[in-house]
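Beneath this line is the structure, given in structure tokens, with notes to follow.
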Amino acid sequence: MEGSDRAFRQLVHDTLAFAARIQEVRSRLGALIGLSGAQYTILVAIAHLQDREAGVGVNLLAEHLHLSGAFVTIEVNKLVAADLVSKEVNPEDRRRVLLTITPKANQLLDDLTAVQRPANDTLFDCLSGEEFHSLRSIVSRLVTTGDRTLKLLDYLAPDGTLANPVVPARE
């Protein structure tokens, strides 16, 4: 903007700072029920998706959370071992599993609501309802362009290094 990338840099720094705070909120909420932040996120996602989808499999869950299937499988197995998630064979495709939260997990999530709801409300209380919906749409689109950018970087620097590194001029 106006020959400067200052506004862009500030947006990136603010976005990183907000992302770090969301990660910390997620980690703290998870810790309250004995889970890592990632496990907490996966458990909540299963709970929400099982109410909307005919069956929640690892692939759907990974896609929904923008995570790798391998990572989701590892974390789901930990949740199964903790008796928080149950796995059943998918009757339509016996090679796949369907995931649901257990009554134990449901109780933990219900108990957590007393802290989770005010935390989430506070996290976004500076936004109106309309601004929140706009932000949701924008961030969803940014995830897609972020994925495209990573592919572009793979193309432009396939071995992860610059062929002829140039030190940029400073403002």
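For this structure, a couple of remarks:
- Per-residue Karplus couplings for segment 13-21, computed as 6.51 cos²θ - 1.76 cosθ + 1.60 with θ equal to phi - 60°, are listed in order as 5, 5, 5, 4, 5, 5, 4, 5, 5 Hz, Gly and Pro entered as x.
- Remark: the chain carries a charge dipole of roughly 320 debye about the Cα centre, counting +1 on each Lys and Arg Cβ and -1 on each Asp and Glu Cβ.
- Averaged over its residues, segment 70-171 has an accessible area of 80 Å² per residue, based on protein heavy atoms and a 1.4 Å probe.
- FRET efficiency for the pair Ala31 and Ser134, taken as 1/(1 + (r/R0)^6) with r the Cβ-Cβ distance and R0 = 41 Å, rounds to 0.85.
- Answer label, with Cα Rg over 2.2 N^0.38 Å calculated from the coordinates and candidates [x] 1.00; [y] 1.29; [z] 0.96: [y]
- Subtracting the Cα-Cα distance of Ile22 and Ser4 from their residue separation scaled by 0.36 nm leaves 3.6 nm.
- Taking the chain and dividing mean pair separation by its residue count, relative contact order in percent (alpha carbons under 8 Å, at least six apart): 15
- Loop-located chymotrypsin sites (Phe, Trp or Tyr not before Pro) in segment 75-171 whose Cβ has at most 13 other Cβ within 10 Å (DSSP): Phe124
- Rolling a 1.4 angstrom probe over segment 72-171 with all protein chains present gives an accessible area of which 57% lies on carbon and sulfur atoms.
- For Lys104, a cut-off of 24 angstrom between C-alpha atoms picks up these lysines, skipping any fewer than 8 places away in its own chain: Lys78, Lys87.
- Whole-Hz couplings from phi, Karplus 6.51/-1.76/1.60, listed for segment 150-163; x for Gly and Pro: 4, 5, 4, 4, 4, 6, 6, 9, x, 9, x, 9, 8, 5
- Residues whose placed amide H lies under 5 Å from that of Val97, excluding near-sequence neighbours: Val58, Asn90
- Cα shape, segment 47-109, gyration tensor, a/c 1.5 rule: rounded
- Karplus 3J(HN,Hα) series, Hz, for segment 95-108 with 6.51 cos²θ - 1.76 cosθ + 1.60 (x for Gly, Pro): 7, 10, 10, 10, 10, 9, 7, 8, x, 4, 5, 4, 5, 4
The values are calculated or read from the model by the stated rules, or taken from the named source; none is laboratory data. In this text the structure is predicted, and so the values were computed from the model without any measurement. All Cβ positions, glycine included, derive from the backbone under ideal geometry; neighbour counts span all protein chains shown. Ligands, DNA and RNA are stripped out before the accessible areas are found, and what is left, the full protein with its side chains, is counted by its heavy atoms. Shrake-Rupley method; radii C 1.70, N 1.55, O 1.52, S 1.80 Å.
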